[in-house]
Ligand SMILES: Nc1nc2c(ncn2[C@@H]2O[C@H](COP(=O)(O)OP(=O)(O)O)[C@@H](O)[C@H]2O)c(=O)[nH]1
Ligand SMILES: [Mg+2]
């Protein structure tokens, strides 16, 4: 994997809050809710603003109960599961996210396909892990701020799951960040981990967002505001990796060792 | 079991037959899942009385109190299921079939081996949690009726939609013969092989897909209670449009990653408009513009040989009673005519060929007025059997009783070419 780009260097960070960005986000909303897309569908933009789509497969990995399914649901604008039920088999979720590139000022429609698989299914069925890893563009390695063991399991996971996958984006995600008061993973341990592994780290809280006036339906725009930083970070790393792989920008790791 | 209020409660208990250890309990109240639990002593007594009978070689199958019906059933001498229901209009038939569905669901998701060779109760309990959602959907108020009729809930796609070709083509490209297209848990179309799936999986698979939270795609391990109870298969689902899912049943291949958007586009993008036209069929079951008499408030059509059914309470949706009430009335009526009036359904009991032949010529009908006895009030229910088809209609109070039979006959004739 290429050296991670500096945050905000590839994607304009707060573009989704600008007038242009807000306008563009309406294509992934419907009546103030997040729009759900079938596999035959994609967001429709006025022909004048027709933009390219960049599709990526992202495998979400981590111990049972760390919050993989909740994170994906949160990113898709769906209800997050309250009680923990281990995910049966593999489930995939598609999230569209328009974002603006810093360099060209071009807007790109990112299409993220998240692959989420229950831990016991991975152990029980041999075909699941290869299917999740096949042609994946990124691995998200989840640990939970409230589960020390899940943090300590990270190095093992990194070698087990992504050991032989060069050129694939790897991102560490600390989940249940809303529970930071009760964390078992102090900042200094995180710092040490980051120095050793040089991987990007995201902190997420997959908790239900604001609801619409009916008190039941999730507010689509509020939900997007909650997760924009995560989606932008994914877009940034994946786009950067593509550019490096295509030789469009030099791999900083080669030029500036250390 | 005195319950306050009029809302019926259903409790389902699952125990390990030999030890009597409860594996799970699920409850619903007024059609929605409820947390309420039965006291352990009650669970113990219910199981105790069943075991007591068994030791004396007496099969206790059901009991009734003033407001509650209880049904027991053991499966493979390993799992005992007990259901208690105080829902209005409940019956032994309904509860027995419910227990069969519940056990079918357990096999579907956990496999028969785990259920008959219980080596580690705690692990089994944990695994059975995967069934809760599906089981709860049987206990609650569902739009489907296959749990009761043991027939596959289907819809009739709009005329001229050519899904059959896309479906078999896509299935072949994916390397399986088993494929179906579902809208909200009902079959729009399926391949020959899919239709040949046995009971209960033919009913359970669409039901399962309809009960899961939305996902773009899934690779879901399933055991087939009839066809493959110990070796898991893979159920692959692909959401073409929200609510409209393509399902494939397969072995180790193909990997889910092979069924990519390009492949889907190639086979399905040309039929996009017809696919969209299927979305309202979820609750409606019949294509827009299908002529139904305005008195019809609900309809259940069964094909008892093909084991398929069509169930809708959408017609004249603006009138009373509510969709839930309509479903409830038709469910109770189905139970009544099936348990009391009509001959046993094929496959339920052994039957002679002459019986079937004889029945084909004898249309049988019955009707019922539900509610008050005053003339001109109360919903009308009429059932008609002709050959392999059985039609049940819920009609408005204004519908004259003397015209019920001919109305039902005409409706059945109109539906026959479609189903
Ligand atoms: N407070 C809080 N709870 C979370 C968060 N993410 C997940 N959970 C809870 O943790 C449990 C396990 O989450 P789940 O996503 O099912 O875990 P998985 O096994 O990794 O898929 C569930 O009860 C979630 O509601 C989070 O960010 N904050
Ligand atoms: Mg999960």
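Out of the DSSP beta bridges found with both residues in chain A, what percent are antiparallel (nearest 5)? Before the final figure, lay out each step's value.
Numbers: 15 of 37 bridges.
So the antiparallel bridges in chain A amount to around 40 percent.
In cubic angstrom, how much convex hull volume per residue do the alpha carbon atoms of chain B span?
Working: hull volume 64.5 nm³, N = 419.
Per residue, the Cα convex hull of chain B comes to 154 Å³.
What is the distance, in nm, between label points placed 7 Å from the Cα along the Cα-to-Cβ direction at residue B:58 and at residue B:129?
Result: 4.0 nm between the two label points.
Counting DSSP beta bridges with both partners in the stretch B:142-262, what percentage is antiparallel, nearest 5?
On the way: 24 of 25 bridges.
Of the beta bridges lying entirely in the stretch B:142-262, close to 95 percent run antiparallel.
Any idea what diffusion coefficient the stretch B:157-283 gets from Stokes-Einstein, in µm²/s, Kirkwood Rh on alpha carbon pairs, 37 °C, 0.692 mPa s? Don't skip to the answer; put the middle values down first.
Numbers: Rh = 14.6 Å.
Diffusion coefficient, whole number: 225 µm²/s.
Identify the residues of the stretch B:77-103 with backbone N under 13 Å of a label point that sits 7 angstrom from the Cα of residue B:24 along the Cα-to-Cβ direction, or state none.
Output list for this probe position: B:102-103.
Taking springs between alpha-carbon atoms closer than 10 angstrom, which of B:228, B:28, B:45 fluctuates most in the Gaussian network model of chain B?
Between B:228, B:28, B:45, it is B:45 that shows the largest mean-square fluctuation.
Suppose only helical runs count, i.e. DSSP H with n ≥ 4. What mean residue ellipticity at 222 nm does that imply for chain B under -39500 (n - 2.57) per run, divided by all residues and rounded to the nearest 500 deg cm²/dmol? Before the final figure, lay out the partial values.
On the way: 15 runs with 141 residues, N = 419.
Helix contribution divided over all residues of chain B: -9500 deg cm²/dmol.
Assuming R0 = 25 Å, can you tell me the calculated FRET efficiency for the pair residue A:148 and residue A:82, based on Cβ-Cβ distance, to the nearest 0.05?
Working: r = 23 Å, r/R0 = 0.93.
Computed FRET efficiency for residue A:148 and residue A:82 comes out at 0.60.
Once all Cα-Cα distances of chain A are split into 5 Å bins that start at 0, what whole-number percent is in each one?
In order of increasing distance, the bins hold 1, 6, 12, 17, 19, 18, 14, 8, 4, 1, 0, 0 percent.
Relative contact order of chain A, please, whole-number percent, based on alpha carbon pairs below 8 angstrom and at least 6 residues apart. Could you put the intermediate results ahead of the total?
Details: 419 pairs, mean separation 67.1, N = 258.
Once divided by the residue count of chain A, the mean separation gives 26 percent.
Please state, rounded to one decimal and in Å, the Kirkwood hydrodynamic radius that the stretch A:110-180 gives when every pair of distinct Cα atoms enters the mean of 1/r. Can you show the working numbers first?
Working: mean 1/r = 0.0747 Å⁻¹.
Hydrodynamic radius (Kirkwood, Cα only) of the stretch A:110-180 equals 13.4 Å.
Run the numbers on the stretch B:9-140 and let me know its relative contact order in percent, using alpha-carbon pairs under 8 Å that are six or more apart. Don't skip to the answer; put the middle values down first.
Working: 192 pairs, mean separation 37.9, N = 132.
Answer for the stretch B:9-140 is 29 percent.
Which order, highest average first, do A:205-215, A:28-38 follow once you tally other Cβ atoms within 10 Å for each residue and take the mean per peptide?
Working: A:205-215: 13.4, A:28-38: 16.6.
Top to bottom by mean Cβ count within 10 Å: A:28-38, A:205-215.
Starting from the Cα of residue B:120, step 7 Å along the direction of its Cβ; do the same at residue B:265; then give the gap between the two resulting points in nm.
4.6 nm
Just the number, please: Stokes-Einstein D of the stretch B:51-128 in µm²/s, Kirkwood Rh from C-alpha pairs, 37 °C, 0.692 mPa s. Please report the intermediate quantities before stating the final value.
Working: Rh = 13.8 Å.
Roughly 238 µm²/s, to the nearest whole number.
Of the residues B:383, B:285, B:277, which exhibits the maximal mean-square fluctuation in a Gaussian network model of chain B defined by a 10 Å Cα contact cut-off?
B:277
What does the average come to when, for each residue of peptide B:256-269, you count the partner chain Cβ atoms lying within 10 Å of its Cβ?
Details: counts 10, 12, 2, 1, 5, 7, 0, 0, 3, 2, 0, 1, 3, 1.
Other-chain Cβ atoms within 10 Å of each residue's Cβ, averaged: 3.
Given a Förster distance of 56 Å, report the FRET efficiency between residue A:180 and residue B:164 from their Cβ-Cβ distance, rounded to the nearest 0.05. All intermediate terms of the calculation are to be shown ahead of the outcome.
On the way: r = 55 Å, r/R0 = 0.99.
Once rounded, the FRET efficiency stands at 0.50.
Tally the DSSP beta bridges in the stretch A:130-235 and give the antiparallel ones as a percent, rounded to 5. Can you show the working numbers first?
Numbers: 1 of 11 bridges.
If we restrict to bridges inside the stretch A:130-235, about 10 percent are antiparallel.
How high is the FRET efficiency between residue A:20 and residue A:249 when r is their beta carbon distance and R₀ equals 35 Å, given to the nearest 0.05?
Working: r = 26 Å, r/R0 = 0.73.
Once the sixth-power term is evaluated, E becomes 0.85.
Gap in Å between the Cα centre of the stretch B:3-81 and the Cα centre of the stretch B:259-287?
So the two Cα centres are separated by 43 Å.
When a/c reaches 1.5 or more, the comparison of a/b and b/c decides; with that in mind, is the stretch A:136-258 rounded, prolate or oblate per its Cα gyration tensor? Mind dumping the intermediate values first?
Numbers: a/c = 2.42, a/b = 1.36, b/c = 1.78.
Judged from the Cα gyration tensor, the stretch A:136-258 comes out oblate (a/c at least 1.5, b/c at or above a/b).
Give the shape of the protein assembly as shown as rounded, prolate or oblate, defined through the alpha-carbon gyration tensor: a ≥ b ≥ c are the square roots of its eigenvalues, a/c under 1.5 means rounded, and otherwise the shape is prolate if a/b is larger than b/c and oblate if not.
Working: a/c = 2.11, a/b = 1.61, b/c = 1.31.
Judged from the Cα gyration tensor, the protein assembly as shown comes out prolate (a/c at least 1.5, a/b above b/c).
Given Cα pairs under 8 Å that are at least 6 residues apart, what percent is the relative contact order of the stretch A:118-258? Could you put the intermediate results ahead of the total?
Numbers: 128 pairs, mean separation 28.5, N = 141.
Result for the stretch A:118-258 is 20 percent.
Of A:126, A:219, A:153, which has the largest mean-square fluctuation in a 10 Å C-alpha GNM of chain A?
A:126
For the residues A:16, B:341, what sequence is obtained by ranking on other C-beta atoms within 10 Å, fewest first? Present the calculation step by step, with values, prior to reporting the outcome.
On the way: A:16 23, B:341 13.
Placing the least packed residue first, the sequence is B:341, A:16.
Using a/c under 1.5 as the rounded threshold, could you call the stretch B:9-140 rounded, prolate or oblate? The axes a ≥ b ≥ c are square roots of the C-alpha gyration tensor eigenvalues, and prolate needs a/b larger than b/c, oblate otherwise.
Numbers: a/c = 1.60, a/b = 1.13, b/c = 1.42.
In terms of gyration-tensor shape, oblate.
Across peptide A:32-42, what mean number of C-beta atoms from other chains lies inside 10 Å of a residue's C-beta? Please list the in-between numbers first.
On the way: counts 0, 0, 0, 1, 6, 4, 16, 15, 15, 6, 1.
If you average over the peptide's residues, the count of other-chain Cβ atoms is 6.
Measure off 7 Å from each Cα along the Cα-to-Cβ vector at residue B:36 and residue A:102, then give the distance between these two points in nanometres to one decimal.
According to this spin-label approximation, the distance is 6.0 nm.
No value in this document is a laboratory result; all are computed from the given coordinates. Just so you know, these numbers come straight off a predicted model, no measurement behind them. Virtual Cβ from ideal backbone geometry, glycine too; neighbours counted across all protein chains shown.
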